[in-house]
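The structure under discussion appears below in the form of structure tokens.
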Amino acid sequence: VKALCLRDGALAVRDIAVPEPGPDEALIRVSMAGICNTDLEIAKGYMGFSGVLGHELCGVVEACSDRRYVGRRVAGEINLACTHCALCRRGLGRHCATRSVMGIVAKDGCFAEYVTLPVRNLHVLPNSLPDELACFVEPTAAAFEVLDQITPMPRDRALVLGDGKLGMLVAQVLLTTGCQVTLAGKHERKLELARALGLTTATQAELEPKSFDIVVDATGSPTGLQQAIGLTRPRGTLVLKSTYHGRLSLDAAPIVIDEITLIGSRCGPFAIAVAALEAGSIDPRPLIDAVLPLHEGVAGFERSAEPGGLKVLLDMRELAAK
Ligand SMILES: [Zn+2]
Ligand SMILES: [Zn+2]
């Protein structure tokens, strides 16, 4: 079967064996999968990963020890936890020290005809949620993680820095809380899409320093954090959502002087994301730039890396029809 693999730093569609599900795992025939900035960073060397990329999927369970899942459409959580260490026992399996992560750490991903995942990672999807939207369950869950960490008040002024895929989702999630949300970015086309979603937008130059109660750095860039610090009011909260390859140099003094609360934020709650996408309170459709077949996966990566690019989905459904 076909899969988009990273091997020795080179990305290509290759033939691989159908993965063998473990005793508590499901074999999933992938329907569609989304290319994320994390994938682009991994292809550049972030995490030192080698194997099949991809971690945002929807698919149909083809084989599973738990018969109830067979034939069901699912999305899958990406962290494969050990289930018995101290963190796992505290319900923090997403932080299990010995976890593997689909398409990111020591586990083949979903840019393939088939992927395996533990049954406990599966979330059955409602029929009303089409494949295109179901691919956004994972990044939407990551956006909702912010609300697991902070509770915006209606009078709060929140700023999302970065008009990429994740920034647009985080801004929509913040908007559901009733606080005032501004999305700032560099790309007029994306800011226009954001306004069509009901968001207030700004260019970076229009932002008043130290004026936001909550700032989310979703720039995906090493310079984003420094900018975000300068825009957070004293005693404000800064949520760091960017993942990138490499280190940054930072003037940390303003964090101390302005007593800024800095929060790292990663994967989030799937069930809430599924419900929000089904209800339409989060609408990722304007974020879809292209849907390409798996064999055009390398072109899909190039397309999604273009400045101003948004979500590229890879479609494996044709392969299943053969
Ligand atoms: Zn992702
Ligand atoms: Zn564990």
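Observations on the structure shown:
- Axis angle, to the nearest 10 degrees, between helix 270-279 and the longest C-alpha principal axis of the chain: 80 degrees.
- 3J(HN,Hα) couplings calculated from phi for the range 306-316 with the Karplus curve 6.51 cos²θ - 1.76 cosθ + 1.60 (θ = phi - 60°) are, in sequence order, 4, x, x, x, 10, 7, 10, 9, 9, 10, 9 Hz; Gly and Pro show x.
- Cα centroid separation - the range 123-140 against the range 13-77, whole Å: 14 Å
- Rounded to whole Hz, the Karplus (6.51, -1.76, 1.60) HN-Hα couplings of the range 152-167, x for glycine and proline: x, 9, x, 7, 5, 9, 10, 10, 9, 9, x, 9, x, 4, 5, x
- Note on the range 187-232: Cα convex hull, mean projected area over all directions, 3.5 nm².
- Over the range 225-322: Kirkwood hydrodynamic radius from C-alpha pairwise inverse distances, Å: 17.3 Å
- Contour minus Cα-Cα distance for Ala12 and Thr83 (0.36 nm per residue): 22.2 nm
- Crossing angle, helix 137-149 versus the chain [Cα axis fit, 0-90 degrees, rounded to tens]: 40 degrees
- Volume per residue of the C-alpha convex hull in the chain, rounded to whole Å³: 133 Å³
- Estimated inter-spin distance, Asn127 and Glu318, nm [label 7 Å along Cα→Cβ]: 2.8 nm
- Only beta bridges with both residues in the chain are counted; by DSSP, about 55 percent of them are antiparallel.
- Mean Cβ neighbour count within 10 Å, used as a protection proxy, ranking 297-308, 30-41, 58-69 highest first: 30-41, 58-69, 297-308
- Reciprocal mean inverse distance between Cα atoms of the range 1-70 - Kirkwood radius, Å: 13.5 Å
- 21 Å Cα cut-off, lysine pairs counted over the chain (separation 8 or more, or different chains): 17
- Of all accessible heavy-atom area on the chain, the percent that carbon and sulfur account for (1.4 Å): 52 percent
- Other-chain or far-sequence residues with amide H under 5 Å of Met32's (modelled H): Cys58, Met316
- Scalar couplings 3J(HN,Hα) for the range 172-186, obtained by applying the Karplus form with A = 6.51, B = -1.76, C = 1.60 to θ = phi - 60°, are 5, 5, 4, 4, 5, 8, x, 7, 7, 10, 10, 10, 10, x, 9 Hz; x denotes Gly and Pro.
- The helix-based estimate of mean residue ellipticity at 222 nm for the chain, built from -39,500 (n - 2.57) per DSSP H run of four or more residues and divided by its residue count, is -7000 deg cm²/dmol to the nearest 500.
- Rough spin-label spacing in nm, given labels placed 7 Å along Cα→Cβ, for Glu306 and Glu192: 1.5 nm
The values are calculated or read from the model by the stated rules, or taken from the named source; none is laboratory data. Nothing here was measured: the structure is a model prediction, and the numbers come from that model. Glycine also receives a Cβ, built like all others from the backbone with ideal geometry; neighbour counts cover every protein chain displayed. Just the protein is used for accessible areas: all its heavy atoms, side chains included, with ligands, DNA and RNA removed. Shrake-Rupley method; radii C 1.70, N 1.55, O 1.52, S 1.80 Å.
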